[in-house]
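Asks: Sharing a structure here in structure tokens format.
The values are calculated or read from the model by the stated rules, or taken from the named source; none is laboratory data. Computed from a prediction, not measured in an experiment: that's the story for all the values here. Please note: Cβ atoms are built from the backbone with ideal geometry, for glycine as well, and neighbour counts cover all protein chains shown. Please note that ligands, DNA and RNA were not included when accessible areas were found on the heavy atoms of the full protein model with its side chains. Shrake-Rupley method; radii C 1.70, N 1.55, O 1.52, S 1.80 Å.
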Amino acid sequence: MSHVTATQPFSIRTTLNLLIGKTDLERPQMRAVFEALMGGELTPAQVGAFLAAYQSKGVTAPELAAAAMVMRDKSVHLDISGDLLDTCGTGGAIKGTFNISTAAALVAAAGGARVVKHGNRSASGSTGSADVLEALGVGIDTNPARLPGILETASVCFAYARSHHPAMKHVAGVRSELGIVTLFNLLGPLTNPAGAKFQLLGVFASDLTMLIARVLGELGSTRAWVVHAEDGMDELSTTSPTLVSEWHQGKARPWRLDPLDYGIPRAKVTDLHVKSAKESAEVITRIANGEKGPPRDITVLNAAAALVVVGKAPDMPAGIKLASETIDSGRMKRTVENLVKATA
């Protein structure tokens with residue numbers, strides 16, 4: 001692909017022609033696009049055309065980092081110190097599974113991590129983290145000023161994207177109407193309003209794992225696992241091995257995680273399917289109540305990884321043990337109850 005530098009005033013028509021011609025944008029050009037997009041300077045037709053054309057061209061690390069920086073600049077920040085964890089997926093992968101990353105976040109919080117879960121309602125899947133938390137009884141549309149206190153009470157809080165990214169109002173309607181995976185699926189996990197520096201992040205394509213890991217490093221992450229399973233899931237899967245691209249100590253490296261290596265049996269994707277946020281919440285509640293089976297197994301696997309990433313467990317076997325004990329002791333259930341009470 002060729003490249004272009006923003007040497008002239010921003011023009012959406014010029015940008016669209018470049019994208020249609022499969023031309024990559026340099027950082028200044030991408031920043032200019034996003035300043036206009038997030039500033040409400042583009043019409044809905046122009047927003048839709050940009051998102052579709054960009055999706056067709058394909059993402060680059062400099063473009064993604066530039067866009068994320070604009071979104072971070074325009075977000076409602078959370079001033080919370082200390083080591084913060086986020087578990088988040090891009091969506092756009094296998095649809096219909098219960099909210100695994102949300103369940104893992106609750107276990108990780110109960111296991112000693114401080115979790116600022118960033119998320120939204122679903123744009124391209126069946127149910128988003130906001131939908132399932134709401135179904136669990138969590139107040140999702142919380143004033144951002146209350147979130148530090150909620151985090152102290154429950155060890156987890158939910159940063160609702162709509163409350164922290166008001167500029168998204170300029171694209172939300174178009175994004176919903178398009179109903180396809182767009183650049184914003186990638187940007188959501190990169191724009192945690194508390195600046196969480198530890199992340200377990202699932203992506204919808206294997207070729208994105210190293211790219212996203214490097215972008216997270218550029219954006220200041222301390223440690224992150226970016227994952228895509230061989231079955232297509234944007235989680236650590238129990239139905240297949242998973243590709244992991246890890247950012248740690250200033251560099252990214254890929255490796256392969258097979259749950260069989262840790263004594264976790266293979267599952268079928270249908271074991272994890274739900275039809276609604278209500279059903280997803282029911283699955284998470286059953287896990288918190290100690291029910292064994294494939295949903296618990298995949299939750300434990302992902303929570304273990306999150307605990308390793310944030311430094312609460314030295315390795316996956318220790319993480320699996322901690323996650324399992326966290327559920328069996330009732331700490332996950334109490335964490336959910338505390339979160340519901342704190343957000344009432």
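Asks: Using Cα atoms only, what is the angle between the long axis of helix 100-110 and the major principal axis of the chain, expressed in degrees (0 to 90) to the nearest 10?
Replies: 60
Asks: Another question, if that's okay. Where does each of Asp79, Asp234 land when they are ordered by accessible area, with a 1.4 Å probe and the largest first?
Replies: Per-residue accessible area, sorted high to low, gives Asp79, Asp234.
Asks: Let me ask something else. Tell me the per residue accessible area of segment 285-344 using a 1.4 Å probe; a whole number in Å² is fine.
Replies: On a per-residue basis, 41 Å².
Asks: Mind checking the angle between helix 61-73 and the chain's longest principal axis? C-alpha axes, 0 to 90 degrees, to the nearest 10.
Replies: 80
Asks: Would you mind counting up the charge near Pro265? Only other residues with Cβ under 13 Å from its Cβ, with Lys and Arg at +1 and Asp and Glu at -1.
Replies: Neighbourhood net charge equals 0.
Asks: Which whole-number percent is the relative contact order of the chain (Cα, under 8 Å, 6+ apart)?
Replies: Over the chain, the number comes to 21 percent.
Asks: By the gyration tensor of its Cα atoms, with a ≥ b ≥ c the square roots of the eigenvalues, what is the shape of segment 106-230: rounded for a/c under 1.5, prolate for a/b over b/c, or oblate?
Replies: oblate
Asks: Rounded to the nearest 5, what % of the DSSP beta bridges within segment 108-250 are antiparallel ones?
Replies: Restricted to segment 108-250, the bridges split so that about 40 percent are antiparallel.
Asks: Could I ask something else about it? Below 8 Å, C-alpha to C-alpha, sequence gap of six or more: please give me the relative contact order for segment 228-333 in percent.
Replies: 20 percent.
Asks: Calculate, for segment 1-116, the solvent-accessible area per residue in square angstrom, rolling a 1.4 angstrom probe over the heavy atoms of the protein chains.
Replies: 39
Asks: Can you compute the helix-only [θ] at 222 nm over the chain? Use -39500 (n - 2.57) per DSSP H run of at least 4 residues, normalise by all residues, nearest 500 deg cm²/dmol.
Replies: Value at 222 nm, helices only, nearest 500: -13500 deg cm²/dmol.
Asks: Can you give me the % of accessible surface on segment 65-207 that is carbon or sulfur? Probe 1.4 Å, all protein chains present, nothing else counted.
Replies: 47
Asks: Hey, another quick one. Please list, or write none, the aspartates and glutamates whose alpha carbon is within less than 12 Å of the alpha carbon of Lys117, excluding same-chain residues fewer than 8 places away.
Replies: Of all the aspartates and glutamates, those that pass the test against Lys117 - Cα under 12 Å, at least 8 places apart if same chain - are Asp86.
Asks: Still on this structure, I have one more. When DSSP beta bridges are limited to those with both residues in the chain, what percentage is antiparallel, rounded to the nearest 5?
Replies: If I count the DSSP bridges inside the chain, around 45 percent turn out antiparallel.
Asks: Something else: Whole angstrom only: what separates the Cα centroid of segment 264-295 from the Cα centroid of segment 136-168?
Replies: 25
Asks: Take the solvent-accessible surface of the protein heavy atoms, probe 1.4 Å, and return the percent of it on segment 228-344 that carbon and sulfur atoms account for.
Replies: Carbon and sulfur together cover 51 percent of it.
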